[in-house]
Amino acid sequence: MSSIGIYVSSRDNVSSSNNSFKVYLNTYFGRGTDGFSLALTHLYFINSNYVIHSYNRYVYFVYNGTAYTATLHTRNYTSSEMVTELQTEMNDAVPGTPFTVTYNSTTDRLAISSSGSTFRFATGTNNAYSVLGVTSTNLTSTAASSVTLGGILDLSGTKYVDIATNMSANSFSSSGRRVFERIPITAAYGSMAYWENQYPRYQYYFADSLTTLDIELFDDHGYPLQLAENSYVFMHFMLVPGDSE
């Protein structure tokens, strides 16, 4: 059966976000008895997803029995810059300046020490732990005067993008979200991320019509993909009547 190309741009978004958007299709696709199959064949956008952004900027900890929150600035970091940032923001959150942060380049791990009271890390939303290397063991450990993080400091940036749509999907992300397609990202920050699928993987969709596409983009940590203001995502889908399988 013949296929139909569908070009989608977040520039044509009728909602309020460029990482979670609804696009009305120019053509009304009425369904026959067999529904539709849809595949993503191309995607490109400027990679503007900071290592630390609005969804992963907080560090929660308990110092001398009192809970505090350190807030990291949204930007990209080198290891030395992150050492300075984490030390500054943890010290700004508590009385005095008890904290010293160091980085071991051999193990790629951060260590935090306190010259005052003991401390421990705590759970909280939108935390920076997957970047800093704070592990579940760190979160359940008792308070101490020095803590070495169990995971590595990961400042490498976005490794892949998960695309979720209002179409059916067979795959699941680690967070349990249905994923229409997972796109590897190799472009550096500020560069064009371009992906082409030479062997499209069709997803079957059964409905009376297809007049809109609802699209959500998530980074490899499950957070909404952060795009710069006036930056857009461009996609090309192929649609065929019925089940392509």
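Worth pointing out:
- Members of the stretch 83-103 found to be surrounded by 14 or more Cβ atoms within 10 Å (Cβ to Cβ) and either farther than 21 Å from R57 by Cα or touching a Gly at 6+ places or on another chain (Cβ under 9 Å) (or both), listed by number: V94, P98, F99
- Single residue of V8, V14, V59 found to be β-branched (V, I, T), modelled with pLDDT under 95 and buried (at least 16 other Cβ atoms within 10 Å of the Cβ): V8
- Those residues of the stretch 123-147 which are among the aliphatic types (A, V, I, L, M) and either surrounded by 15 or more Cβ atoms within 10 Å (Cβ to Cβ) or modelled with pLDDT under 95 (or both), in sequence order: A128, V131, L132, V134, L139, A143, V147
- Check on A93, out of contact with any Asp or Glu (no Cβ under 8 Å at 6 or more places or on another chain) and modelled with pLDDT of 95 or more: yes
- Breaking point among (1) more than 20 Å from A188 (Cβ to Cβ); (2) at pLDDT 80 or above; (3) not hydrophobic (A, V, I, L, M, F, W, C), for P241: (2)
The values are calculated or read from the model by the stated rules, or taken from the named source; none is laboratory data. Computed from a predicted model, the values in this text were never measured in an experiment. When we count neighbours, we look across all protein chains shown, and the Cβ atoms used for this are built from the backbone with ideal geometry, even at glycine.
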